[in-house]
Each structure stands twice: as structure tokens, then as C-alpha cells.
Protein chains: 2
Amino acid sequence: MALRPDEFSLIAELFAPLAAQAPGAFNLTDDAAVFAPTPGMETVLTVDALVEGVHFLSNDPAESVARKLLRVNLSDLAAKGAVPRGYLLTTAWRAETPLDWMRGFAAGLAEDQRRFGLSLWGGDTVSTPGPLNFSLTAIGEAPAGRMLRRAGARAGEGLYVTGTIGDAALGLAVAQGKLRLARAGDNADLLGRYRVPEPRVALGPDLIGIASASLDVSDGLMADLAHLCAASGVGARVEAAALPLSPPAVHALAGDAGFIETLLTGGDDYEILFSASADKEAMIARVAARSGVPITRIGRLADAAEGIVAVDHAGRPLALKQLGFRHF
Amino acid sequence: MALRPDEFSLIAELFAPLAAQAPGAFNLTDDAAVFAPTPGMETVLTVDALVEGVHFLSNDPAESVARKLLRVNLSDLAAKGAVPRGYLLTTAWRAETPLDWMRGFAAGLAEDQRRFGLSLWGGDTVSTPGPLNFSLTAIGEAPAGRMLRRAGARAGEGLYVTGTIGDAALGLAVAQGKLRLARAGDNADLLGRYRVPEPRVALGPDLIGIASASLDVSDGLMADLAHLCAASGVGARVEAAALPLSPPAVHALAGDAGFIETLLTGGDDYEILFSASADKEAMIARVAARSGVPITRIGRLADAAEGIVAVDHAGRPLALKQLGFRHF
């Protein structure tokens with residue numbers, strides 16, 4: 001049923017070392033893991049899958065595939081204000097998957113779990129005749145009853161994002177040969193942001209008590225804003241000129257103003273998008289300073305009747321082909 | 001990235017109803033779920049995957065695939081003494097997977113989550129160009145520090161199994177055309193045990209305070225016994241004549257005594273195999289009576305030096321081609 005004859009040796013070589021620091025993982029020699037949240041906290045759980053040929057390319061480096069798998073889940077936890085603790089991992093391998101590729105995958109996990117302070121707690125290692133298929137359940141903890149939700153934003157509140165927006169979407173364009181900036185370093189930077197997102201793990205928990213609603217930007221800024229607005233029952237107005245952009249994104253936009261649509265709708269940013277009332281400005285500045293991650297006000301929430309719009313520097317609505325509104 | 005254009009409508013139609021009873025699942029409209037274990041309990045987590053063509057056949061009914069996916073995980077929780085609470089589900093669908101098949105899958109989950117008292121808490125719905133691929137993380141709770149482990153068994157203790165052993169392996173033989181019993185009902189019974197195992201959810205938590213070590217039989221009775229023995233540092237002696245057999249298994253064995261090997265090593269039983277000291281006999285009988293699930297003593301644990309053997313009615317070791325010992 002499971003991968004033979006190597007399932008157990010694979011687990012021992014590749015995965016058990018990733019569980020060594022977690023007493024509740026029993027060195028991956030048992031059937032389940034145990035976890036008791038810190039008193040006053042509750043468990044927060046999220047899961048995301050990556051499929052070869054759908055979410056990553058067959059020639060993507062194993063390390064970056066593994067790191068992306070872990071990081072997209074950590075980004076969900078961060079946007080919910082949760083501190084990551086552990087993860088469960090399902091891997092489906094082909095018989096011909098090179099052992100070196102699997103070792104690279106485990107090395108990517110090892111590096112990032114050290115960086116973000118969590119451990120592997122368990123998993124399932126199976127074989128597949130099809131594309132590689134990975135599923136990761138991330139477990140964190142947040143103060144009981146205070147996990148940040150998509151619901152809770154109110155008209156009139158400010159709208160904020162962490163970091164910079166649009167780099168990953170431009171990085172995908174670079175990977176696809178649709179964009180090539182003059183400075184080689186710019187292309188590499190964008191590609192890096194696409195391959196290995198930077199979940200805002202250190203910042204997210206500080207948003208509890210500040211953000212009225214929060215989620216991470218994965219489908220695209222406007223699409224995820226639409227999710228937040230739908231859950232909160234509000235509309236929103238985004239000032240395109242206020243978008244925080246990296247130098248490579250500024251260069252891309254200078255070369256072709258049409259890239260504004262890519263920035264607003266492209267996705268894979270894994271930044272936190274949140275709402276907060278006006279009296280939280282000073283707290284937001286302190287959180288940004290403490291984490292070293294910039295937080296930028298990009299617009300405001302409005303009544304639901306006003307819809308969800310992005311406007312240019314003169315206040316004119318931008319005509320975007322796709323906002324994610326179809327999900328309503 | 002994810003399945004388009006139907007991801008959100010699929011979630012709303014098929015999966016959100018499965019989350020309706022769980023406040024911490026937020027109707028699947030948020031990025032994560034929250035769970036706080038009952039005071040005095042801790043969270044128990046396990047994950048298992050099923051791949052089309054590896055763990056189930058393309059023409060298996062959708063309902064039974066979904067129920068098996070949930071039940072193999074519930075069996076792990078039961079063997080650990082945990083009460084199931086919720087699950088996270090990753091599904092990878094092909095563009096051409098019929099909506100009716102997906103509806104059947106959701107209906108199978110709906111039926112079994114009602115039966116076993118848990119809810120869907122979250123998941124990820126993606127597309128794949130390859131075989132269907134499902135991964136399910138089951139979350140339960142057990143008294144803090146008392147989850148049943150594979151480690152803990154001691155030489156001299158009794159060895160017990162729940163239910164009957166070998167039916168699923170014989171059912172697979174029926175499915176493969178390698179076995180056909182005279183009574184049609186026998187074949188259907190065995191096939192049913194293969195397709196839809198019966199996790200011992202109501203019984204498992206009662207084994208806390210009784211079992212010194214425990215796991216569920218999935219790889220095969222002897223292979224899983226070897227896992228328990230390895231973790232506990234003991235050997236074991238199984239009396240083949242003591243194996244609890246269903247009437248169809250008795251009929252199969254009457255027709256061909258060679259099936260004893262299938263019963264001992266075939267797997268997919270999803271019964272609980274546990275060890276207990278002699279003073280627990282009366283408690284074991286009470287637990288069996290309360291749950292309505294028979295518990296049978298099938299042998300005893302021994303010093304590690306005695307190895308792991310199955311013996312016939314005269315005490316002669318059975319020569320089994322495969323015990324699972326290669327994992328040592």
C-alpha cells in the first residue's frame with residue numbers, strides 16, 4: 001500500500017530528524033502525535049496542498065518546493081495571529097523519484113522549521129503513479145477566542161498590508177519568460193519571492209488587539225480583499241498609488257504601466273492584509289518597527305454598497321479584468 | 001492554482017455542510033480552524049492519505065473511498081485511546097472527475113461523521129492531472145499524558161485483539177478474484193470489511209488504564225505486532241488457533257488451510273492490538289461487554305530474545321513468508 005520497500009527507512013533517514021525536538025512526536029515511531037496548547041491558548045489548524053505541475057514545476061528545486069509548502073501554511077497561521085508549533089506532512093512519491101530530490105526536500109524543511117521554530121509531528125509516506133503530491137497540516141496556537149478572522153472589519157477602518165505587493169506575480173512572469181527586467185538582480189529577486197515566500201510569522205501574533213479582520217494574500221490582493229469584505233459585510237477602496245512596491249516592482253511598472261493589474265490581482269504574495277480602526281495607527285507603527293517588516297496603509301473599508309474598487313492617483317477606478325468577485 | 005472555476009462553489013455545496021456543527025470551523029469561510037481540548041485532555045493528531053490506483057481502485061464507489069479515508073484515521077485515534085473531534089481534508093480532483101462522484105464522496109463523509117461524532121474543520125481543494133489523491137488529518141483528544149503508545153508492553157503480558165482478524169485481506173482476495181466462497185453472502189461480507197473498515201472508536205478510550213501498549217492493525221497482524229514489540233523492546237508468541245475469526249473466514253480456512261498466512265499477515269483489519277497485564281482480565285471483559293465488540297486473547301509477550309512467532313495448535317512455529325520483520 002505505502003511506498004515499498006523504503007517507507008520505513010525513508011521515514012527514519014529523512015523525516016525522523018525533523019521530529020527530534022518535539023516530545024509529542026515520539027520520533028515518528030507511533031501512530032499519532034500529542035499536543036497541549038499553552039494555558040490560555042487554543043489550537044489553530046490549517047492545511048494546504050501542492051501538486052506537481054499545478055502548484056510547482058517539475059524542475060523546481062526540491063528545497064524550494066518544500067519551503068513553499070511549509071511557508072504557505074505558516075502564512076495562514078501568521079495572518080490568524082497564531083504562533084506555529086508543529087506540522088503533519090503527507091508525501092506521495094513516484095517509484096522513480098530520485099532519493100537526492102527527497103533529501104533536498106527534507107533539507108528545505110529542516111532549514112525552515114529551524115528558522116520558524118516548529119517541528120514535524122507526524123505524517124504519511126505513500127507512493128503514487130502520478131504527479132508528486134504534498135499536503136501539510138500546520139498547527140499553531142493563539143490566545144483563546146482571539147484568533148484573527150476574516151470577519152470583523154467595519155466601514156471606515158483603514159486597510160493595511162505588510163511587506164511589498166506583487167513581487168511573486170512578477171516573479172512568475174519572469175519564470176514564464178513574460179518579463180525580463182534590465183537588471184539581472186531584479187529578475188532573480190522577483191523569482192525568489194515567487195519560489196520562497198516570506199510568511200510574517202514574527203509579526204502576525206502582534207496584530208491581535210490591533211486588526212479587526214485579517215487574512216493572507218494568496219489568491220491576489222483584490223481577490224483576498226473581496227474574501228475579507230464578504231466575510232465582514234463591507235466594501236473597500238484601494239489606492240493603487242499607495243501600494244508598497246519593491247524596487248524591482250517599481251522598475252517593472254516604470255517599463256509597462258499595465259503591470260499594475262498584475263500587482264493588484266496576481267497573488268502568491270503571502271503578505272498579511274488587515275483592517276484596523278484609526279486609533280490603532282501608533283500601535284501599528286510599533287509592531288512594524290519591532291518586526292522590521294513595513295506595514296502600509298493602502299486604502300479604507302467602505303459600506304458594502306460602494307463595492308470593492310482600486311483607484312488611481314486621481315481617484316479614478318481602475319478597470320481590472322479579474323478581481324476575484326466571481327466568488328460572491 | 002486551485003481547481004477553477006468551481007473551487008468555491010464545490011466547497012460551499014459539498015464541504016461546508018460537513019462543517020456546520022463545528023463552531024471552530026467558521027463554515028469553512030476562514031483560513032484556519034480553532035480547537036480547545038476539554039480541560040484535562042490534550043490534542044491527538046494523525047494523518048493518512050489514499051491515492052487512486054494505490055490504496056483504492058478507480059471503480060470503487062465514492063462513498064466507500066471517503067468512508068475508508070475517514071475510518072483509517074479514526075482507527076489510529078481509537079487505538080491511541082483518543083476520542084475523535086474533527087478533521088481537515090485535502091482533496092485533489094481531476095478536471096474530468098464527475099460531480100456526482102464528488103457528491104458521493106461528500107455523502108460518505110457526512111454519513112460517517114454523524115456516526116462517529118466529529119465534523120469537518122477545514123481543508124484544501126485542488127486540481128491534479130494525475131490520480132485522485134486524498135489526505136485526511138484527524139484530530140481527537142485523550143487524557144493529558146495518557147495517550148496509548150506502541151511502547152510500554154512488557155514480557156509476560158497478554159496480547160489481545162478486538163473484533164475479528166483477516167476479513168479485509170480475504171475481502172481483497174475476493175475483489176481480486178483469488179477467493180470465491182460457496183455462500184454469496186460470505187463474499188459480500190468480506191468485501192465489505194475490506195472496503196469499509198469498522199474503527200473501534202467507542203472502545204478505544206476505554207483501554208486507557210488497561211492497555212500497556214496499543215496500535216491498530218493496518219499493515220497486517222504480525223507486522224504491526226512487530227512494530228509494537230520493537231517500540232516496547234519485547235518479543236511475542238501468537239497462538240494461531242486463538243485468532244478470532246468471522247464465519248466467512250472460518251469457511252475460507254476450511255477450504256484452504258493456507259489462508260492462515262493471509263489472516264496473520266494480510267492487513268487492513270483496523271482492529272486494535274494491545275497488551276495488558278494479567279490483572280486486567282476482568283476489566284477487559286467489561287470493556288468488551290460495554291462496547292459490544294469482542295476482545296480476544298491471542299497470545300503473550302515474551303523476552304525480545306524469543307523473537308516474534310506465530311505457533312499452531314501443537315505449539316509449532318508457522319513458517320510465514322512475510323512478517324514485517326524487515327522493518328527492524
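The values are calculated or read from the model by the stated rules, or taken from the named source; none is laboratory data. Quantities reported herein were computed from a predicted structural model and do not represent experimental measurements. Virtual Cβ from ideal backbone geometry, glycine too; neighbours counted across all protein chains shown.
Annotations
- Selection count, segment A:87-100, where residues are over 15 Å from B:Val51 (Cβ atoms), surrounded by 17 or more Cβ atoms within 10 Å (Cβ to Cβ) and out of contact with any strand residue (DSSP E or B) (no Cβ under 6 Å at 6 or more places or on another chain): 0
- Residue check for B:Ala12: in a helix (DSSP H, G or I) and within 10 Å of chain A (Cβ to nearest Cβ): yes
- The one condition in (1) surrounded by fewer than 23 Cβ atoms within 10 Å (Cβ to Cβ); (2) more than 13 Å from chain A (Cβ to nearest Cβ); (3) in a helix (DSSP H, G or I) that B:Phe105 fails to fulfil: (1)
- The listed residue being within 30 Å of A:Pro39 (Cβ to Cβ) and not acidic (Asp, Glu), out of A:Thr137, A:Thr164: A:Thr137
- Within segment A:231-259, residues that are free of Cβ contacts under 8 Å to residues at least 60 places away in the same chain have Cβ atoms under 6 Å from residues that are outside any helix (DSSP H, G or I) and buried (at least 17 other Cβ atoms within 10 Å of the Cβ) in these pairs: A:Ala242/A:Ile298, counting only partners at least 6 apart in sequence or on another chain.
- Restricting segment B:17-44 to residues that are among the hydrophobic types (A, V, I, L, M, F, W, C) and assigned to a helix (DSSP H, G or I) leaves a set whose member that is nearest to the other protein chains (Cβ to nearest Cβ) is B:Phe26.
- Taking the listed residues A:Val72, A:Val65, the one that is in contact with a Pro (Cβ under 8 Å, 6 or more places away or on another chain) and part of a helix (DSSP H, G or I) is A:Val72, with no other qualifying.
- Pairing residues of segment B:138-164 that are modelled with pLDDT of 95 or more with residues that are of a type in the set (Phe, Trp, Tyr) and part of a strand (DSSP E or B), at Cβ distances under 7 Å and at least 6 apart in sequence or on separate chains, gives B:Ala138/B:Tyr87; B:Ile139/B:Phe35; B:Ile139/B:Tyr87; B:Tyr160/B:Phe274.
- Yes/no for B:Ala252 being buried (at least 22 other Cβ atoms within 10 Å of the Cβ), over 27 Å from B:Arg290 (Cα atoms), among the small types (Gly, Ala, Ser) and within 14 Å of the chain's Cα centre (by Cα): no
- Failed item, numbered, when B:Thr97 is tested on (1) assigned to a helix (DSSP H, G or I); (2) closer than 28 Å to B:Asp31 by Cβ: (1)
- Selected residue [in contact with a strand residue (DSSP E or B) (Cβ under 7 Å, 6 or more places away or on another chain) and surrounded by 21 or more Cβ atoms within 10 Å (Cβ to Cβ)] from B:Leu273, B:Leu263: B:Leu273
- Of residues in segment B:75-88 being facing chain A (nearest Cβ under 9 Å) and not in a helix (DSSP H, G or I), the one nearest to B:Gln113 (Cα to Cα): B:Gly86
- All positions within segment A:270-304 that are of a type in the set (Phe, Trp, Tyr) and in a strand (DSSP E or B): A:Phe274
So that you can scan it fast, the table gives a plain yes or no per residue for (1) closer than 30 Å to B:Ala213 by Cβ; (2) at pLDDT below 95; (3) surrounded by fewer than 22 Cβ atoms within 10 Å (Cβ to Cβ):
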site: A:Ala33; (1), (2), (3): yes, no, no
site: A:Thr46; (1), (2), (3): no, no, no
site: A:Val51; (1), (2), (3): no, no, no
site: A:Val54; (1), (2), (3): no, yes, yes
site: A:Leu57; (1), (2), (3): no, yes, yes
site: A:Asp60; (1), (2), (3): no, yes, yes
site: A:Leu70; (1), (2), (3): no, no, no
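- Applying the condition of being among the hydrophobic types (A, V, I, L, M, F, W, C) and within 14 Å of A:Val293 (Cα to Cα) to segment A:193-213 and asking which residue is surrounded by the fewest Cβ atoms within 10 Å (Cβ to Cβ) yields A:Ala202.
- Among the residues making up segment A:127-138, those that are at the interface with chain B (Cβ under 7 Å from one of its Cβ atoms) and either within 17 Å of the chain's Cα centre (by Cα) or crowded, with 22+ Cβ neighbours inside 10 Å (or both) are A:Thr128, A:Gly130, A:Asn133, A:Ser135, A:Thr137.
- Restricting attention to segment B:151-170 and to residues that are surrounded by fewer than 24 Cβ atoms within 10 Å (Cβ to Cβ) and within 14 Å of chain A (Cβ to nearest Cβ), the residue that is farthest from the chain's Cα centre (by Cα) turns out to be B:Gly152.
- Residues in segment B:45-62 that are without any contact (Cβ under 8 Å) to a residue 60 or more places away in the chain and outside any loop (DSSP other than H, G, I, E, B): B:Phe56, B:Ala62.
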